[in-house]
Structures are given as structure tokens and as C-alpha cells.
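The values are calculated or read from the model by the stated rules, or taken from the named source; none is laboratory data. Computed from a prediction, not measured in an experiment: that's the story for all the values here. Quick reminder, even Gly has a Cβ in these numbers, built from the backbone with ideal geometry, and neighbours come from all protein chains shown.
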Amino acid sequence: ESSAASDVYKRQDNNDWLSGAWNLINLSGGFAGINNDFEKGRIVWKFNPKDETLIVANNDDSTSIYKGLATGIYTYAILKDKDQSYLELNDKEYGGIIDSRSQLVIDQNSTTSGSGADGFVMVLARQ
């Protein structure tokens, strides 16, 4: 079963640039307006483009209100529309992606259906 976003937006098959381990280093936004920095190695996202899985190891024990994804294995896809890419996790849109090769920014306020205000922005750095 495909999501509504997958039906409208072209699925990007070449996700090699995303391959490997990324450290969540900052998470900001949300209704409460949080801005949390995380130590490298504390929350690691590992993308495997061959089987389109994302393995998250979330070992943060801080009292942060929100720490991103819980530890687990997720399926993922990259949706593309013109110059904008979007991350889909477990067949649900997760947010817009800005890739600068050394950093990955996932903006939940940027979606295929428009922009929002209360989503989170996550900054990940290559491991």
C-alpha cells in the first residue's frame, strides 16, 4: 500500500548519498519551541539504501521533552518534487530534507501538502 504522498510525488530510487550513520546533533521547534543539542554518538540514525531501512539507536537519557525517533528499525523512502526531497518513514511522510553532504536537515514543517509551524527540525551530522 502506498501513501498519498507516494502517489503524487516521484519516489527517488538513488538514495546512496544518505547511506551510512548520522548523528542527531540538534532538535528544535515543536509547539513548546524547544532547542536541544545532543552529543555525537548519543542518537544515531543509520540508513541502508539497499533494503531501504533506517536503524535508530537512541541512547539519550536526558530529560529532553522530545528526542526524535525511538530506538528501532524503520522502512524509509525519499520522495522528490522538483528541487525538494521528503523523507517517508514506515509509509508516512516525516518531513522535508535539506542535504549538504556533511549535514542532513529534516524539517517537519516542510511537507508535500505545504508548510506547517509546530513540527520539529532535526539536524544530523555524518558520523
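Data overview
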read-out: Condition met for residue 43 (on the phi < 0 side of the Ramachandran plot and in contact (Cβ under 8 Å) with a residue 24 or more places away in the chain); value: yes
read-out: Top-ranked residue in segment 77-120 [being aliphatic (A, V, I, L, M) and over 9 Å from the mean Cα position of the chain (by Cα); ranked as modelled with the lowest pLDDT]; value: 117
read-out: Filter result for residue 35 (more than 14 Å from the chain's Cα centre (by Cα) and not in a loop (DSSP other than H, G, I, E, B)); value: yes
read-out: Residue 41, sole failed condition from (1) under 17 Å from residue 20 (Cα atoms); (2) not in a loop (DSSP other than H, G, I, E, B); value: (2)
read-out: Tabulated pairs, segment 101-116, first within 13 Å of residue 30 (Cα to Cα) and touching a residue at least 60 places away in the same chain (Cβ under 8 Å), second among the charged types (D, E, K, R) and surrounded by fewer than 17 Cβ atoms within 10 Å (Cβ to Cβ), C-beta under 8 angstrom, 6+ apart or interchain; value: 109/118
read-out: Number of the exception - residue 20 against (1) more than 16 Å from residue 105 (Cβ to Cβ); (2) loosely packed, with under 13 Cβ neighbours inside 10 Å; (3) modelled with pLDDT under 95; value: (2)
